[in-house]
Amino acid sequence: MDFLQPRSWAEALEAKAAHPDAVPIAGGTDVMVELNFDVRRPPALLDLTRVEELTEWSMDEGQVRLGAGVTYARVITELGRELPGLAMASRTVGSPQIRNRGTVGGNLGAASPAGDSHPALLAAEAQVELASLSGTRTMPVSDFYTGVKRNALEPDELIAAILITPPSGPQQFCKIGTRNAMVIAVSAFGLALHPDRRAVGTGIGSAAPTPRRAREAEQFLAQALDEDGLWDSRRDLPAGLAHDFGARVRAAAAPIDDVRGTAAYRLHSLAVMARRALTWAWDDYQKAA
Amino acid sequence: MRITTTVNGEPREIDDVWEGESLLYALRERMGLPGSKNACDQGECGSCTVYLDAVPVCACLVAAGQAQGRDIITVEGLAERDTLHPVQQAFVEAGAVQCGFCTPGLIVAAHDLLARSLQPSDQVIREALAGNLCRCTGYEKILDAVRLAADRLADASASGR
Amino acid sequence: MTTPTKVPTGAPTETASTAEGRIGDSPLRPDGVLKVTGEFAYSSDLWMDDMIWGATLRSPHPHARIVSVDIGAALATPGVCAVLTADDIPGRNAVGLEHDDQPVLAERVVRYQGEPVALVAADHPEIARQAVKKIVVDYQVLPAVTDGRQALDPSAPKVHEHGNLVRHFKIRKGDPAPSAPVVVSLDFEVGMQDQAFLGPESGLAVPAEDGGVDLYVATQWLHVDQRQVCQALGLPPERVRLSLAGVGGAFGGREDLSMHVHACLLALHTGKPVKMVYNREESFFGHVHRHPADLRYEFGAEADGTLVYGKVEIIFDGGAYASSTGAVVANGATMGLGPYRIPHVRVDCYGVYTNNPPCGAMRGFGCVQAAFAHEALMDELADRLGLDRVTIRQRNGMREGDENITGQRIDSAAPVAELLQIVRDMELPPSASEQRDLRDLPGGVANSTHGEGVVRGVGYAVTYKNVGFSEGFDDFSTARVRLEITGGEPVATVHTAAAEVGQGLITVEQQICRTELGVERVVVHPKDTQVGSGGSTSASRQTYVTGGAVKAACEAVRQRVLDRAAATIGVAANTLRLDGAKIVAESGDVVAALADVLGGDAVEETVEWRHRPTQRVDPETGQGDAHVQYAFSAHRAVVDVDVELGLVKVVALDTAQDVGKAINPDAVMGQIQGGSAQGMGLALMEEILVRDGKILNPSFTDYLIPTILDMPPMKIEILEYADPHAPYGLRGVGEPPTISSGPAVAAAIRQASGKALRRVPIRPEHITAS
């Protein structure tokens, strides 16, 4: 096994081009588990922790440009205002030690349907910036997930950054685990209200082969809010709207039974989380007036 | 491969490290520092918590090569000669130690918490230590120990010591 | 109802010393500083210059015939020192706690997924791991039986040639066909719990010049390990020396062998020290678990709630090998109806072989599973009759002098009603509506509720558990105590083989020496097989039995010292006592210095000490004095349940327990707190999921144990009603909390959710199911 240790982003891209089968490692919270338990023996590891460009975030043309190597701990402490949904999700990741080390880019690289950041990224309609020696491309995060633990990265590409527009409205994140801390999601839900665009964003975790948006539910809710003039009036939500939204979120999921929970429970819990998240988000929206 | 690091203030160099090895293995089996514990090898128990460049991490999830040139402090590096750190002393006195396998990780995690937070509430203590499993104590005496250490550190801080 | 009081008991004899840290005190543990500095040497920390690493090839199948094993490629791997199979075992390829039914390495057949088949030793663990994968085993998969009830069907596949029944324990008491005005019944299911000790199975075997081996290992019982290792290696005990390495928790999971024989085989074969350390995944395959149980209960009662009869059928799934299943079955049967007076009883308790993972000892040992069922049924009975759930337990609760269901008279305190009253009277936590912080709500910071759906529930449970080994077992411990003057100061050295697994036995040994000999300095000799057996660190027995042995050895040492002093001074020995460095007369006058009496001599005594004998029970009726002592505890759990999402936050887990005499009150509290947490874990989250004989979640990612955010504050009240038959009046402490806590949590969730919940662990989907 080789251990590649680029010192800069340019070196990293060169290394990945030269060793397309090298496995990138940052916080190690997924890769090291696979190594420790002999799940995989890649020909090379590509250590990205020395690439300073990845560990920075900045505001860039009204967007947060979150380097792929920024840890969850820093998202929580530094970006609670700019990325509230992601910060809420980050607080539920593993343990303090994991949050000190794990990165949002790593969560995307692993592309597990249970990754905690995905619902928040989906709801915020984040973009992912991918790079290789041949150039840089950007895609909506919803297009990035291509299958169970698979993503849109080409063999010579690395995740450079996540681009997220700061919120114009409230965001929420909820997760179900069978323990009150340090637990992988049985199901998870992210919600973002975008009053500037009169739009709604959602993200579903652990309830389909990939993280996904509940697009029909988003449109249903955005339209309902529009039709009743609620974006402007910020009046109370009509009875049953949150419930109906929950039902539509549930309909967007395609979960399975596994050791962490049943498909039926995942569906049920998504409906409840979506209803509650909307209630809380709307409460925040009303208070923010 | 060869790795050079600073561990508990001392420069260390180890050779013939397998590229897939964890920092935990390197500390325990190559550097003679088995204080960091090997309970789960997957970041789910916190027993191997060490400071890596002043940040508490699970040593089992750090590739040994990632520690190249970094500064590591393990549980073995917290006492000053024969004087226990107040966190260590409190764990002994409060009966927070039974089998003790979780203890080194908890000591480092609590040490970090009390370096950041002078008088943490129980909720803050619980959230800060939620990554450290203990199977023996039910955590009650661990909370006692952290409260005791916090009080003593606050007293020491107030008295300017 | 008497007022709960701390009854002073078991006051040490008149020779009680003024030394600090005697019984009843809570001195600091002698290994505490080593443990907080990382210097304590656990079994996985051992290291020698020229040591090599062992690894194990395990069966992927629950049941298969081994057609052939090809080790050629593995052996040819650079860095590999040895590859061993069943053919390389010099002695008997059979070990086991109660029955030698388990091969050291599978020979013709594998009976569970994870069964060891071959061993590798290599320079580096990675080389050993990769070499293991190069061993080619040709398996012919056989039909597997993976359901405990199905295993009893005569048509089921046979796990062993002699059939699938390990033990059937019958209790027949009173009217064989009783009737009662009120009848309640239920079926209950308990999932497979894991001990989840944090220190993985590990140790170091060092070949010795005499052709024997020195094994440093984490275990609960050095001598039963030694017997089995000797048998497998074909070596006499004097050439198989075991020393206790640091133990990272045990809870029953280290009573059986794991890597012991394997490391010794590799060490003897290679002539090098061999270290073996399981990782967490292998650990789930490397030790026995708590038996899953299928329980069918029926109680008959009078209209006022007085129990008339109990009919019980329990099936414990023992998995592929017997381990301690027989004793678990006995416990499940004899204590399976709880600490209640029941005149008419019929119990059929079975332990069976299946092709599931082997199950054996875990804290609570057969009583844990039964308690979920009998406590759920007591609640059901109370509800049926419109009676209070605590009152009905108090009405039926055992009292001293009562007969239990095996006809044994309870001949010391049985404060069931009082324990329940204490927990009922404890202050309740603030109501749910006053909580706002996410960390106090079900789901925690995962932000699944801000109070929506949250319902408070309160549940009660009570239990009793035997202490020590039962059914006529020769249950003893050995202690060697030496008293001498070192550096001008009296020093006692205590040597036992009783395993310190974290519970604090070494502290207790010191306390007893200080109490009996009046010395301050007590050295605890490392635990090894150079002294006689201490028996198992299990069944809540060590403070009782090894404590009893240390006390007796101290008394023997003291007697010799006083005899010697009396002879010198010319008075009767029984007029003297030992206090620190002084010999003191009845008048209180110091009549001699210990240093003068001892001179340069050491006085040493070795004592084998037994508790009162127990009896085998009648095989047809189950009647007999099976157990030596019973320990009682009650729990009250308060939970907040998000009934819409099925998530639970335990708000309080309060308990009262009679400990006879708290030898070390702080350690007693630690046992109760930790034990309560394990019981709560089983109620809420802990289960090894097994499908078709295969473990689905062998990791701490998916086998969840409570974190500090899951545990509530615990109020604890200790009663000290001396058992006149036990040393100092003490009662075993470690297990009762693990038995009564889980059923109390389950009861609280039932109350909050209104659901029957007849299975543990209770999963969110059980609470939300319509």
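Could you count how many residues in segment C:652-675 are among the aliphatic types (A, V, I, L, M), within 13 Å of chain B (Cβ to nearest Cβ) and in a strand (DSSP E or B)?
Number satisfying all stated conditions: 2.
Which of the numbered conditions does C:Val481 fail, given that it passes all the others? Conditions: (1) at negative phi; (2) surrounded by fewer than 19 Cβ atoms within 10 Å (Cβ to Cβ); (3) not basic (Lys, Arg).
Just one mismatch for C:Val481, condition (2).
Could you please tell me which pairs satisfy a Cβ distance under 6 Å, a separation of 6+ or placement on different chains, a first residue in segment C:446-460 that is more than 14 Å from chain A (Cβ to nearest Cβ), and a second residue that is surrounded by 21 or more Cβ atoms within 10 Å (Cβ to Cβ) and acidic (Asp, Glu)?
From residues that are more than 14 Å from chain A (Cβ to nearest Cβ), the pairs are C:Arg456/C:Asp640.
Of the conditions (1) of a type in the set (Gly, Ala, Ser); (2) closer than 18 Å to B:Ala39 by Cα; (3) within 14 Å of chain B (Cβ to nearest Cβ), C:Gly79 fails just one. Which one is it?
C:Gly79 satisfies all of (1) of a type in the set (Gly, Ala, Ser); (2) closer than 18 Å to B:Ala39 by Cα; (3) within 14 Å of chain B (Cβ to nearest Cβ) except (2).
Would you mind finding the one in B:Glu13, B:Glu19 that is of a type outside the set (A, V, I, L, M, F, W, C), without any contact (Cβ under 8 Å) to a residue 24 or more places away in the chain and touching a strand residue (DSSP E or B) at 6+ places or on another chain (Cβ under 6 Å)?
Details: B:Glu19 fails: without any contact (Cβ under 8 Å) to a residue 24 or more places away in the chain.
None of the other options fit; the residue is B:Glu13.
Run down B:Ala64, B:Ala39, B:Ala54 and say which single residue is more than 10 Å from chain C (Cβ to nearest Cβ), surrounded by 24 or more Cβ atoms within 10 Å (Cβ to Cβ) and either of a type outside the set (Lys, Arg) or in contact (Cβ under 8 Å) with a residue 60 or more places away in the chain (or both).
B:Ala64
Restricting attention to segment A:1-36, and to residues there that are part of a loop (DSSP other than H, G, I, E, B), closer than 19 Å to B:Leu61 by Cα and within 26 Å of the chain's Cα centre (by Cα), which single residue is farthest from the other protein chains (Cβ to nearest Cβ)?
Here the answer is A:Ala22.
Across segment C:80-109, which residue is farthest from the chain's Cα centre (by Cα) among those that are closer than 15 Å to C:Leu119 by Cβ and surrounded by fewer than 17 Cβ atoms within 10 Å (Cβ to Cβ)?
Once the filter is applied, the top-ranked residue is C:Asp87.
For segment B:126-147, what are the residues that are away from chain A (no Cβ under 13 Å) and over 16 Å from B:His111 (Cβ atoms)?
Residues of segment B:126-147 away from chain A (no Cβ under 13 Å): B:135-138, B:140-147.
Within segment B:126-147, B:Arg135, B:Cys136, B:Thr137, B:Gly138, B:Glu140, B:Lys141, B:Asp144 meet the criteria.
Taking the condition of being aliphatic (A, V, I, L, M), touching a strand residue (DSSP E or B) at 6+ places or on another chain (Cβ under 8 Å) and in a loop (DSSP other than H, G, I, E, B), how many residues in segment A:131-182 meet it?
Final tally of qualifying residues: 2.
Looking at segment B:109-125, which of the residues that are touching a Ser or Thr at 6+ places or on another chain (Cβ under 8 Å) and in a helix (DSSP H, G or I) is farthest from the other protein chains (Cβ to nearest Cβ)?
Residue satisfying both the conditions and the ranking: B:Val124.
Of the residues that sit in segment B:21-35 and are farther than 15 Å from C:Lys275 by Cβ and more than 7 Å from chain C (Cβ to nearest Cβ), which one is surrounded by the most Cβ atoms within 10 Å (Cβ to Cβ)?
Out of the qualifying residues, it is B:Leu23.
Report, by residue number, each residue of segment B:75-108 that is surrounded by fewer than 24 Cβ atoms within 10 Å (Cβ to Cβ) and facing another protein chain (nearest Cβ under 7 Å). Walk me through how you get there before you give the answer.
So in segment B:75-108, the residues surrounded by fewer than 24 Cβ atoms within 10 Å (Cβ to Cβ) come out as B:76-86, B:89, B:92-94.
Passing the criteria: B:Glu76, B:Ala79, B:Leu84, B:Val92, B:Glu93.
Looking at segment A:122-145, I want the residues that are without any contact (Cβ under 8 Å) to a residue 24 or more places away in the chain and have a partner that is of a type in the set (A, V, I, L, M) with Cβ atoms under 6 Å, at least 6 apart or on another chain. Which pairs are those?
Going by the 6 Å Cβ cut-off, the qualifying pairs are A:Arg137/A:Leu130; A:Met139/A:Val128.
Kindly indicate which of A:Gly177, A:Gly246, A:Gly169 is within 14 Å of chain B (Cβ to nearest Cβ) and within 26 Å of A:Trp282 (Cβ to Cβ).
A:Gly177
Mind checking which residues of segment C:220-250 are in contact with a helix residue (DSSP H, G or I) (Cβ under 7 Å, 6 or more places away or on another chain) and within 14 Å of chain B (Cβ to nearest Cβ)?
Answer for segment C:220-250, where residues must be in contact with a helix residue (DSSP H, G or I) (Cβ under 7 Å, 6 or more places away or on another chain) and within 14 Å of chain B (Cβ to nearest Cβ): just C:Leu244.
Looking at (1) of a type in the set (Ser, Thr, Tyr); (2) away from chain B (no Cβ under 14 Å); (3) within 30 Å of B:Asp15 (Cβ to Cβ), which is the one condition that is false for C:Ser59?
In the conditions (1) of a type in the set (Ser, Thr, Tyr); (2) away from chain B (no Cβ under 14 Å); (3) within 30 Å of B:Asp15 (Cβ to Cβ), C:Ser59 misses (3) alone.
Given the conditions (1) in the same structural domain as C:Val462 (by TED's automatic domain parsing); (2) surrounded by fewer than 24 Cβ atoms within 10 Å (Cβ to Cβ); (3) touching a residue at least 24 places away in the same chain (Cβ under 8 Å), report the number of the one that C:Glu605 does not fulfil.
In the conditions (1) in the same structural domain as C:Val462 (by TED's automatic domain parsing); (2) surrounded by fewer than 24 Cβ atoms within 10 Å (Cβ to Cβ); (3) touching a residue at least 24 places away in the same chain (Cβ under 8 Å), C:Glu605 misses (1) alone.
Go through segment C:497-510 and give me each residue that's within 14 Å of chain B (Cβ to nearest Cβ), touching a residue at least 60 places away in the same chain (Cβ under 8 Å) and in contact with a strand residue (DSSP E or B) (Cβ under 8 Å, 6 or more places away or on another chain).
Once the filter is applied, which keeps residues that are within 14 Å of chain B (Cβ to nearest Cβ), touching a residue at least 60 places away in the same chain (Cβ under 8 Å) and in contact with a strand residue (DSSP E or B) (Cβ under 8 Å, 6 or more places away or on another chain), segment C:497-510 yields C:Ala499, C:Glu500, C:Ile506.
Give, as residue ranges, the helices (runs of 4 or more DSSP H) completely inside segment A:48-114 that count at least 1 residues that are away from chain B (no Cβ under 14 Å) and not small (Gly, Ala, Ser).
A:72-78, A:84-91, A:104-110
One line per residue, one yes/no per condition, for (1) in a loop (DSSP other than H, G, I, E, B); (2) within 29 Å of A:Ala271 (Cβ to Cβ); (3) aliphatic (A, V, I, L, M):
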{"residue": "C:Glu452", "(1), (2), (3)": "yes, yes, no"}
{"residue": "C:Arg456", "(1), (2), (3)": "no, yes, no"}
{"residue": "C:Thr463", "(1), (2), (3)": "no, no, no"}
{"residue": "C:Glu471", "(1), (2), (3)": "yes, no, no"}
{"residue": "C:Thr478", "(1), (2), (3)": "no, no, no"}
{"residue": "C:Val481", "(1), (2), (3)": "no, no, yes"}
{"residue": "C:Ile485", "(1), (2), (3)": "no, no, yes"}
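The values are calculated or read from the model by the stated rules, or taken from the named source; none is laboratory data. Being a predicted model, the structure only gives us computed values, none of them experimental. Using ideal geometry, Cβ is built from the backbone for each residue, glycine included, and neighbour counts are taken over all protein chains shown.
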